[in-house]
Each structure stands twice: as structure tokens, then as C-alpha cells.
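Visitor: Mind having a look at this structure? Questions to follow.
The values are calculated or read from the model by the stated rules, or taken from the named source; none is laboratory data. Predicted, not measured: the structure shown is a model, and the values here were computed from it. Cβ placement follows ideal geometry from the backbone for every residue including glycine, while neighbour counts extend to all protein chains displayed.
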Amino acid sequence: MYTHLLVPVDGSQLSEQAMRHSVAFARQLGARITAFVAEPGGPLPAVGQTASGLQRELEEHRARTERHAHELLRRFEATARAAGVAFSGQPVWTERIDDAIVSAAAEHGCDMIVMVTHGRHGLSRLWHGSHTEAVMARTKLPLLVLH
């Protein structure tokens, strides 16, 4: 049936649930997991900011997001390994999270994407959008949505 799940995580409480549920699901299926962390590419330059100031800010941002991504992947891997589920993880830096998720699923040969939704409504939804809906519109793969 399904043998390779792509599971995007962001460190939110809901993504912690996605880790646990996807590991349990993968274990039942005998599937493996590729975890995916999309980090924002970097801050925009401020008015009057020097090139060296921007470079320093970008380097600090990259170091901070790298630590965040690797810590998420380390925790996810520990959960998967404890359950006997094969695991790999990949961080990427992008502003186009939805496209990156769909691309990662294809690149890694995944046959299902497992995502969480925050269930935002109203202004919050307009402001933040829905990565889950955007992925659903862009992929032909089955998408398991956890809430």
C-alpha cells in the first residue's frame, strides 16, 4: 500500500503530534518516513543597512534556523527509531514552502504526504494562508491531514 511517507514539520505543537501519529502510522504500514523541515530563507535588508550588517544578519539567521531544523529532525528521528521505523530527514531554506514540500515528495519517491493543519479561519487564514490546501492543490499524491 504506502511505503514511504513525507512528513513536513515546523516545531509547532501540532507538528509534534504529526511526528507521533506519522510514526505510529508508518509502523502499522511497514513504511519509512522522510521528514521535511522548511525554514525561511532569511530576513530582508532594512533601510540603510550596510552590506556587512546584512551579511552578518543572514549568517546568524542561517545558524539559528539550522539549529532549529536539526533539533526537530533529531527528535523526530529518535521517535521513529524507537518505534523501529526507518527514517531520514531533510531541511531546506525557502520562501515557497508548499512547492518545496511537493518537490521533496517527488525527489524522495514518497507515495503519501502526512501534514497537520492549524485549522485557521477568518483573518488568521487570510494572513497565514494554508500550506495544507496549497500542497493538496499541487500534488497528485494522497495527502493525510491531521488536525
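Visitor: With respect to the numbered conditions (1) at pLDDT 95 or above; (2) on the phi < 0 side of the Ramachandran plot; (3) touching a strand residue (DSSP E or B) at 6+ places or on another chain (Cβ under 9 Å), which one is the sole condition not fulfilled by THR117?
Guide: (1)
Visitor: If you don't mind, another one. Among the residues of the range 3-18, what is the count of those that are over 10 Å from the mean Cα position of the chain (by Cα), modelled with pLDDT under 95 and buried (at least 20 other Cβ atoms within 10 Å of the Cβ)? Before the answer, list the steps.
Guide: Initially, the range 3-18 is screened for residues over 10 Å from the mean Cα position of the chain (by Cα), giving 3-5, 12-14, 16-18.
Then keep just the ones that are modelled with pLDDT under 95; that gives 12-14, 16-18.
From what is left, the residues that are buried (at least 20 other Cβ atoms within 10 Å of the Cβ) are 18.
Counting residues in the range 3-18 that are over 10 Å from the mean Cα position of the chain (by Cα), modelled with pLDDT under 95 and buried (at least 20 other Cβ atoms within 10 Å of the Cβ) gives 1.
Visitor: I would also like to ask the following. Being in contact with a His (Cβ under 6 Å, 6 or more places away or on another chain), modelled with pLDDT under 90 and crowded, with 16+ Cβ neighbours inside 10 Å, is that true of even one residue in the range 40-49?
Guide: Among the residues of the range 40-49, at least one is in contact with a His (Cβ under 6 Å, 6 or more places away or on another chain), modelled with pLDDT under 90 and crowded, with 16+ Cβ neighbours inside 10 Å, which makes the answer yes.
Conditions tested, residue by residue: (1) modelled with pLDDT of 95 or more; (2) among the hydrophobic types (A, V, I, L, M, F, W, C); (3) touching a Cys at 6+ places or on another chain (Cβ under 9 Å).
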site: LEU73; (1), (2), (3): yes, yes, no
site: PHE76; (1), (2), (3): yes, yes, no
site: THR79; (1), (2), (3): yes, no, no
site: ALA83; (1), (2), (3): yes, yes, no
site: HIS131; (1), (2), (3): no, no, no
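Visitor: Another one. Which is among the basic types (Lys, Arg), surrounded by 13 or more Cβ atoms within 10 Å (Cβ to Cβ) and at pLDDT below 95, of ARG62, ARG32?
Guide: Details: ARG32 fails: at pLDDT below 95.
The match here is ARG62.
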